[in-house]
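The structure under discussion appears below in the form of structure tokens.
The values are calculated or read from the model by the stated rules, or taken from the named source; none is laboratory data. Quick caveat: nothing in here was measured; it's all calculated off a predicted structure. Note that we place each Cβ from the backbone using ideal geometry, even for glycine, and neighbour counts take in every protein chain shown. Areas reflect the complete protein model, heavy atoms only, side chains present, ligands, DNA and RNA absent. Shrake-Rupley method; radii C 1.70, N 1.55, O 1.52, S 1.80 Å.
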Amino acid sequence: MTLAIMLAAGAPAAGLRTGTGESLTDRLAAQWRQAGVAQVRVAADLDELADLADRAGGPVLVSGVDLVAHTAVLRHLLTSPVGPTVALVLTDPPTDGRTVLREERGQVVEAGRPEQLAGAATGIFGGAVRVGREDVPALVAAARAVAAGRLPAGAVAVELVDSAGLVDSVGPVARPDTTAGPVVDQLFAALTGQGALVLAHRVRLLVAHRVDDAAGLAGAEAAVAAVDEDRAELRLSVKEKDDFFTTYFVSTWSPYVTKVCARLGLSPTAVTMVSVVFAAAAAGLFAAGGRPLLVAGAVLLYLGFVLDCVDGQLARYTRNFSAWGGWLDTMADRAKEYLVYAGLGWGATAAGFRYGWALAIAAITMQTVRHMTDAWYGVLHDEAARRPKNVGAGGGGIGDRLNAASTRVQADTGSVSYWLKRTVVFPIGERWALIALAVALFDQRVALVAVLTWGVLAFAYTGALRTLRARWMWVPVLDTVDATLHRDDGPLAARFPVARRPGPLGLAVLAMVVAATLLTLALVYGDGWPRWTVALGLVGLLVAAAGAGAAHNGPLDWLVPAALRAAEYLFAIAVGVIGGAPAWLIFGYVFVLTLHHYDLVARLEKRQPAPPLHAATLGWEGRSVLLALATIAGIASIGLATLGIYLLALFVASVVLAWVVRPARTAPLPAGTGGQATL
């Protein structure tokens with residue numbers, strides 16, 4: 001339950017009357033309640049605010065009393081899914097001591113007065129911030145510090161310069177003029193100085209302004225009245241920046257579908273499941289083959305992608321967000337795409353192309369490893385944004401120039417260079433469009449070859465640029481999380497001696513090269529390649545386990561999870577080929593592995609804990625040992641099938657435990673149960 005605290009101190013608008021005669025404070029309090037806040041309190045000063053926040057048992061929403069906005073703006077801030085602590089950000093010019101801020105990748109990385117940010121500000125604080133439960137202690141500390149006339153530790157540092165112009169000391173000092181400007185602005189600057197991760201919520205299409213006098217209030221009220229709130233909310237359900245195909249061939253009409261789904265009372269999860277049905281049906285038609293069925297499958301694939309966009313739009317339009325929905329959307333996207341690969345591989349093989357399944361296996365492997373690098377590069381970039389002073393430790397150079405060029409292109413929304421940059425990386429909309437067109441105009445084989453070709457080129461392009469930029473940023477990320485979990489190490493890796501040279505990435509790449517070499521030899525020599533060589537490949541693969549206990553603090557160590565995924569997948573494919581397993585079985589085993597690994601990535605992105613049964617998955621090295629033993633024993637197909645079924649059962653059980661059983665156990669008891677819970 002969120003507590004809203006309205007801070008009236010230092011706000012000249014506190015006594016203003018709205019056009020309906022009520023005070024601005026009373027109207028804003030009513031709007032917060034209408035937005036979904038259970039309890040609204042008005043604090044006279046920071047000490048009272050600190051006491052109220054300290055006693056709160058959940059998130060705390062802090063706002064000034066000078067905010068004039070659509071109620072939808074307040075509701076969007078309250079329900080924002082981007083993170084636990086989110087601040088309203090406006091583009092109005094700063095006045096009367098209001099706090100400005102610098103935002104990067106959606107994070108507030110600096111906040112203070114305009115002179116403190118030296119022209120680097122990207123917006124102003126909108127007078128409202130939702131503080132997550134874990135950041136409430138930082139809010140309380142910031143409030144008490146500002147009330148006492150000092151900045152908390154970690155706030156914007158101020159240099160003390162002596163008469164000779166030399167820096168005497170640097171550190172948090174008393175803020176001059178602490179009574180100038182709204183106190184809520186000073187509190188927000190102090191909160192960011194406490195090190196809290198604050199995400200930015202910008203106002204688009206709707207209206208929000210901070211006012212100081214009656215004229216400003218009248219102008220803001222007129223601006224609010226001039227905008228149709230519901231129509232704006234529907235348009236806001238579409239992502240602000242999306243890919244070319246999605247922007248021009250989906251989002252132009254998908255909001256109408258979103259509106260219909262909302263009127264029918266459908267949940268985003270229901271729409272997600274319908275999109276899975278469409279994709280599965282398309283995969284079945286691709287497997288069956290024949291020109292009419294291929295064209296029908298292409299249409300279903302396109303409609304399935306439209307629904308894949310609608311589920312997110314519906315969540316934003318209805319403000320129906322949940323950790324389960326976010327996890328399911330991520331997992332469903334990958335499962336749908338890989339079911340389509342399976343249908344294409346089956347259909348190409350049935351049409352007489354010998355390597356149909358081989359192309360599908362190559363596509364699923366390449367795309368999964370790509371996604372792993374995408375996810376971890378995003379974590380790297382977010383960590384770099386939180387620590388801007390550490391960026392550039394590598395001395396600038398080409399990485400610095402690439403970073404600046406990328407920022408310029410991203411800011412030039414709608415330009416040719418902007419769309420080229422977004423399209424060349426081969427996002428999901430472009431992948432589904434390419435598959436639909438290729439299979440409708442040609443056949444399944446052409447679709448798989450097209451996906452592989454563009455995917456490899458995009459992987460090379462993004463990999464090269466990201467490597468250069470990462471070396472420039474030099475920000476370790478695996479050391480900030482549970483590296484053992486995200487490496488997917490098992491109990492065997494924990495018992496390996498630690499090798500600090502050539503480092504965890506070097507060892508993972510070596511294992512990947514060994515697995516790729518084994519697979520290449522198996523493909524070249526076919527049935528004549530001896531099974532015992534799997535043991536040699538296993539030894540080479542297990543060298544990566546020696547990096548499990550080493551520090552993952554190199555500039556490129558964010559690539560370790562992707563390298564380990566590639567090594568394990570290539571080794572599994574190799575033992576399947578050497579052991580004579582059917583290609584469809586190899587694809588199925590890799591597909592199950594991707595579910596396991598995407599679960600880890602989705603939990604990383606959604607800030608969720610490890611899967612309940614993660615320890616039972618044996619780790620990448622344990623699974624590889626079992627497959628190697630099965631292949632040497634001449635039962636590779638049995639090994640792949642048994643281990644795949646085992647991992648799939650664990651995955652399903654983990655989903656049930658994580659999203660059904662555990663939430664039921666921790667759910668609040670209904671009134672009248674007498675403290676007894678039943679499952």
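Evaluate the following for Ala196: is it modelled with pLDDT under 90, open to solvent by less than 50 Å² (accessible area, probe 1.4 Å) and either in a helix (DSSP H, G or I) or touching a helix residue (DSSP H, G or I) at 6+ places or on another chain (Cβ under 6 Å) (or both)? Before you say what the answer is, go through the steps one by one.
Numbers: modelled with pLDDT under 90: yes; open to solvent by less than 50 Å² (accessible area, probe 1.4 Å): yes; either in a helix (DSSP H, G or I) or touching a helix residue (DSSP H, G or I) at 6+ places or on another chain (Cβ under 6 Å) (or both): yes.
Yes: the conditions hold for Ala196.
Scan the stretch 13-21 and give yes if some residue there is at positive phi and open to solvent by 10 Å² or more (accessible area, probe 1.4 Å), otherwise no.
yes
Taking the stretch 547-577 as the search range and keeping residues that are at pLDDT below 95 and among the small types (Gly, Ala, Ser), which one is nearest to Ala602 (Cα to Cα)?
Selected residue: Ala548.
Given (1) under 20 Å from Val340 (Cα atoms); (2) among the hydroxyl-bearing types (Ser, Thr, Tyr); (3) free of Cβ contacts under 8 Å to residues at least 40 places away in the same chain, where does Thr252 come up short, assuming only one miss?
Against the list (1) under 20 Å from Val340 (Cα atoms); (2) among the hydroxyl-bearing types (Ser, Thr, Tyr); (3) free of Cβ contacts under 8 Å to residues at least 40 places away in the same chain, Thr252 comes up short only on (1).
Name, by its number, the condition in (1) closer than 19 Å to Phe249 by Cβ; (2) hydroxyl-bearing (Ser, Thr, Tyr); (3) modelled with pLDDT of 90 or more that does not hold for Tyr461.
(1)
Determine, yes or no, whether Leu303 is modelled with pLDDT of 95 or more and either surrounded by 22 or more Cβ atoms within 10 Å (Cβ to Cβ) or among the small types (Gly, Ala, Ser) (or both).
Against the criterion (modelled with pLDDT of 95 or more and either surrounded by 22 or more Cβ atoms within 10 Å (Cβ to Cβ) or among the small types (Gly, Ala, Ser) (or both)), Leu303 does not qualify.
Could you say which residue among Thr484, Thr480 is farther than 30 Å from Ala433 by Cα and modelled with pLDDT of 90 or more?
Residue meeting the stated conditions: Thr484.
Just a yes or no: is a residue in the stretch 172-189 in a helix (DSSP H, G or I), surrounded by fewer than 19 Cβ atoms within 10 Å (Cβ to Cβ) and at pLDDT 80 or above?
no
Pairs only if they're at least six apart or on different chains, beta carbon under 6 angstrom, first in the stretch 336-365 and polar (S, T, N, Q), second modelled with pLDDT of 95 or more and open to solvent by less than 10 Å² (accessible area, probe 1.4 Å); list them, first residue then second.
Once the first residue is polar (S, T, N, Q) and sits in the stretch 336-365, its partners that are modelled with pLDDT of 95 or more and open to solvent by less than 10 Å² (accessible area, probe 1.4 Å) give Thr349/Gly356; Thr365/Tyr569.
Tell me the helices (runs of 4 or more DSSP H) entirely within the stretch 225-297 that contain at least 1 residues that are among the aromatic types (Phe, Trp, Tyr) and either open to solvent by 60 Å² or more (accessible area, probe 1.4 Å) or modelled with pLDDT of 95 or more (or both). Don't jump to the end; show me each part of the working.
Details: elements: 229-236, 244-249, 254-264, 268-288.
By residue number, 244-249, 254-264, 268-288.
If you go through the stretch 306-348 one residue at a time, how many are assigned to a helix (DSSP H, G or I), of a type in the set (Phe, Trp, Tyr) and open to solvent by 20 Å² or more (accessible area, probe 1.4 Å)?
Of the residues in that region, 3 qualify.
Please work out which residue is surrounded by the most Cβ atoms within 10 Å (Cβ to Cβ), limiting yourself to the stretch 450-459 and to residues that are of a type in the set (A, V, I, L, M, F, W, C) and touching a residue at least 40 places away in the same chain (Cβ under 8 Å). Lay out the reasoning, then the answer.
First, the residues of the stretch 450-459 that are of a type in the set (A, V, I, L, M, F, W, C): 450-452, 454, 456-459.
The next check asks that each one be touching a residue at least 40 places away in the same chain (Cβ under 8 Å); those that pass are 451-452, 456, 458-459.
Numbers: Val451: 26, Leu452: 16, Val456: 14, Ala458: 19, Phe459: 18.
Here the answer is Val451.
Of all the residues that make up the stretch 412-449, how many are open to solvent by 30 Å² or more (accessible area, probe 1.4 Å) and among the aliphatic types (A, V, I, L, M)?
10
Among the residues in the stretch 130-141, are any modelled with pLDDT under 80 and outside any strand (DSSP E or B)?
Checked against the condition, which is being modelled with pLDDT under 80 and outside any strand (DSSP E or B), the stretch 130-141 yields no hits at all.
Quick one: what pairs do we get from the stretch 17-44, first residue farther than 19 Å from Arg319 by Cβ and of a type in the set (Asp, Glu), second open to solvent by less than 70 Å² (accessible area, probe 1.4 Å) and part of a helix (DSSP H, G or I), C-beta under 9 Å, 6+ apart or different chains?
As it stands, the answer is Glu22/Ala30, since those pairs meet every condition given.
Given the condition touching a Ser or Thr at 6+ places or on another chain (Cβ under 8 Å), touching a residue at least 40 places away in the same chain (Cβ under 8 Å) and not in a helix (DSSP H, G or I), answer yes or no: does some residue in the stretch 372-379 qualify?
No; the residues of the stretch 372-379 include none that is touching a Ser or Thr at 6+ places or on another chain (Cβ under 8 Å), touching a residue at least 40 places away in the same chain (Cβ under 8 Å) and not in a helix (DSSP H, G or I).
Could you list, in sequence order, the residues of the stretch 575-617 that are charged (D, E, K, R) and either open to solvent by less than 20 Å² (accessible area, probe 1.4 Å) or not in a helix (DSSP H, G or I) (or both)?
Once the filter is applied, which keeps residues that are charged (D, E, K, R) and either open to solvent by less than 20 Å² (accessible area, probe 1.4 Å) or not in a helix (DSSP H, G or I) (or both), the stretch 575-617 yields Asp599, Arg603, Lys606, Arg607.
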